[in-house]
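Q: There's a structure below that I have some questions on.
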Amino acid sequence: MNKRLALLLSASLLTMAYSASAETIAECGKSVGKEYAGDPNKWTDADGSFNPQTTIVQVGSDYDVLFRDQLGMRSVRSQQGRVFRVEGADNGRLTLLAVYPLGDIETYQLTLGKDGRGTLLWTSSKHQSFVTGTPVGGLYVAQCTR
């Protein structure tokens, strides 16, 4: 099976798995921010060209964060990560923590107004980049709607 077909199939299965029972909390556009790879004194602009569109979903009492970018669709849970709700009075003001098996973490702080529009401020911290083999991290923001 070629790579493109495998990505399409996995994206379709992920979408079907969530479509019946998931509540979409927010859909967010591409993120912009700052990121580094290896040297925290050398931050570069993250202009949104490679950053994913992000969707936060709730299935029962569990949450997941879905990403759609040039690699296709995937989620924290599909990558063996766990998502914990840290704080939030409701789904319009919500903080999530994603923890992956190797100790990599991401935080997601969603703030939506009464009109259903707002921002997602998120961070990423990884022990090792798949590309450079060095620690990587970033701080990003995206515009969101309910």
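Q: So if R0 is 41 Å, what FRET efficiency would residue 36 and residue 146 give, r being the distance between their Cβ atoms, rounded to the nearest 0.05?
A: Approximately 0.80, to the nearest 0.05.
Q: Something else now. Once the Cβ-Cβ distance between residue 132 and residue 84 is put in as r, and R0 is 22 Å, what FRET efficiency do you end up with, to the nearest 0.05? If you can, show how the numbers build up before the last one.
A: Numbers: r = 28 Å, r/R0 = 1.29.
Taking R0 as 22 Å, the efficiency between residue 132 and residue 84 is 0.20.
Q: Return the aspartates and glutamates within reach of residue 30: Cα separation strictly under 14 angstrom, same-chain partners fewer than 8 residues apart disregarded; answer none if there are no such residues.
A: 45, 47, 69
Q: Which aspartates and glutamates, on any chain, are close to residue 126 with Cα under 17 Å apart, when same-chain ones fewer than 8 places away are left out?
A: 35, 39, 104, 106
Q: Using a simple spin-label model with points 7 Å from Cα along the Cα→Cβ vector, what separation in nm is obtained for residue 117 and residue 105?
A: Rounded to a tenth, the inter-label distance reads 3.3 nm.
Q: Sort 60-67, 36-43 for me by packing, meaning the mean count of neighbouring Cβ atoms within 10 Å per residue, highest on top.
A: Ranking the peptides 60-67, 36-43 by packing returns 60-67, 36-43.
Computed from the coordinates by the stated procedures, all read-outs in this text should not be read as laboratory data. Please read all numbers here as calculations on a predicted model, not as lab measurements. Don't worry about glycine lacking a Cβ; one is built from the backbone with ideal geometry, like all the others, and counts go over all protein chains shown.
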